[in-house]
1. Provide the net charge surrounding Ile226, with neighbours chosen by a C-beta distance below 9 Å and charges set as Lys +1, Arg +1, Asp -1, Glu -1.
2. Just to check I understand the Karplus step: with θ = phi - 60° and J = 6.51 cos²θ - 1.76 cosθ + 1.60, what whole-Hz values come out for segment 82-99, glycine and proline as x?
3. Given Lys212/Lys336; Lys184/Lys397; Lys112/Lys212; Lys45/Lys88; Lys59/Lys184, which pairs have Cα atoms separated by over 26 Å?
4. Counting Lys and Arg as +1 and Asp and Glu as -1, each charge on the Cβ, what is the dipole of segment 349-409 about the Cα centre in debye, to the nearest 20?
5. If the cut-off is a Cα-Cα distance under 13 Å, which aspartates and glutamates reach Lys30, setting aside same-chain residues fewer than 8 apart in sequence?
6. Using r as the Cβ-Cβ distance of Gln396 and Asp89, and R0 as 45 Å, what FRET efficiency do you calculate, to the nearest 0.05?
7. What are the ³J(HN,Hα) couplings of segment 199-206, residue after residue, when phi is run through the Karplus curve with 6.51, -1.76, 1.60 and θ = phi - 60°? Round to Hz, x for glycine and proline.
8. Rounding to the nearest 20 debye, state how big the charge dipole of segment 124-221 is about its Cα centre with +1 on each Lys and Arg Cβ and -1 on each Asp and Glu Cβ.
Amino acid sequence: MKIFLSYIVYLNIIYFEYHINQPCTVDTVKIAILGGGLTGITLAKLYQELGNEVVVLEKNPKYGGLCQSRTEQGFTFDIGGSHIIFSKDTEVLDFMHRALGENREMRQRNTKIFHRGKYIKYPFENGLHELDVDECFFCLNEFIRTLLAVERGETPPPENFREWMFYTFGKGIAELYLLPYNEKIWKYPASQMSCHWVEDRIPRPPIEDIIKSAIGIETEGYTHQIQFAYPRTGGIETLVRAIARPIEGCIRTNFCVSSIRRQNSTFFISNGEEELSADRVISTIPLQTLLPCLAEVPILVQKACDALKYNSLYCVFLGVREVIPTFSWVYIPDQKTGLFNRISFPYTYSPRVTPQDHSSILVEITFKEGDEVDHLTREELLTHVINSLLDIGVLQKRESVVYAMVERQKFAYVIYDLSYQENITRIRDFCKSRQIGLVGRFAQFEYLNMDGCIRNAINFVREHPCG
Ligand SMILES: Cc1cc2nc3c(=O)[nH]c(=O)nc-3n(C[C@H](O)[C@H](O)[C@H](O)COP(=O)(O)OP(=O)(O)OC[C@H]3O[C@@H](n4cnc5c(N)ncnc54)[C@H](O)[C@@H]3O)c2cc1C
């Protein structure tokens, strides 16, 4: 009897695993979604809720894209860089919070800028009184002078990102923080970047706030991020997994899309070995990956795509057995301190992402493919990061590092150079003419956070509800 029951349980497990792991068995799917990052998964969930058949085609063995996390030796890290959940968009914020349900920690931001050996409150313009007094005066005076000049019409509106920093914040804040930090993260001259993307995102702070900040009265900037959420267990990937739950059976992992052709009104999507058909294709994969999948791409469109700029990213993960700072994360604008632009402390987001009595550090280094950083070995990167953290006192002892790992992301940040708008318009028009929808960070080629990706997925589905 016991053996018989075990056999039944065994058969049930086999049945369960088969059905969970099998992709949709239909030959013709209605909507094929290319890429299983947050955007692709959200699109699939929304389309399925409307009763459409969907399949998500993901090249990697795991879905999640930039929102993947990994747990090893009790340490959970977000492998696409440190992620937190926040938004001004209440519908989207609610969508993310509901997806996580009880598995959610709420935190108060405690973020700094490491400036000339001191930790200054973030955003920089809200921490002016923590600067040396002459630097504080420089920032305050230049902010006021710039404001007056703008109001008198003596300063023309900015034409590039560099000019925008000086025009909006004045020479002091621009030179001490904004310019060095931005040139470090973008690896691109600010004078050759467009400013269209910051104009709405970051307004000029009110003069009252700058004065208060300079004399030491508490003010806050970037207020929609003061409180943020993070999954209690499993890292940011838990969010994507929670959204994916109802459509997991429709995700084809290990399916690297290599060609897309259209015959009459049907699309045929192939990975080189297998071909699927679909009535509609929505791409969330990078444009640089999508275009080579298409036949007869006009030369001007290909040139526009080749001209798009992006940054790659190295993340260094350290599991540590010692007391380290309790900041949420710290921006590092200067080159002298290290190659990295940001140090995050994920152990402060949730007590369940490290073993007991341990802490964790996530260091981000942007780079351009083929540059000096890209040529460093993983050991060299690790050594550099650990030595730099010891130098600035974030780490006390080398032996405290009990876990170390390096991860590389090819597509991390979109760079808005001055020819961006012309190039992207040409590519989008072309994809529209081929009836391929574009949604997501590298498909739209926009600086979208998770909330922007979800918002664009929601809007796309609302605009094209029948697939
Ligand atoms: C360092 C860093 C920190 C961030 N921090 C935050 C944060 O704190 N909060 C926040 O809201 N957002 C943050 N973001 C932004 C967030 O990661 C993105 O907005 C989001 O993950 C983008 O999702 P996506 O699905 O559009 O793209 P991706 O995650 O890039 O997904 C694209 C998917 O397509 C797949 N793919 C590519 N080529 C193919 C192919 N040929 N065939 C099939 N599949 C393919 C990829 O494997 C990937 O899974 C951060 C981003 C970075 C880089």
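1. 0
2. 3J(HN,Hα) across segment 82-99, in whole Hz: 5, 10, 10, 9, 7, 5, 7, 7, 5, 5, 6, 4, 5, 4, 5, 5, 5, 4.
3. Among Lys212/Lys336; Lys184/Lys397; Lys112/Lys212; Lys45/Lys88; Lys59/Lys184, the Cα-Cα distance tops 26 Å for Lys212/Lys336; Lys184/Lys397; Lys59/Lys184.
4. Result for segment 349-409 is approximately 300 debye, rounded to the nearest 20.
5. Within the straight-line limit of under 13 Å, Lys30 reaches these aspartates and glutamates: Glu53, Asp279.
6. Using R0 = 45 Å, I get an efficiency of 0.65.
7. Each residue of segment 199-206 in turn: 4, 7, 5, 10, x, 5, x, x Hz.
8. 300 debye
Computed from the coordinates by the stated procedures, all read-outs in this text should not be read as laboratory data. Predicted model only: the values in this text are computed from it and were never measured. FYI the Cβ positions are ideal-geometry reconstructions off the backbone, even for glycines, and counts take in every protein chain you see.
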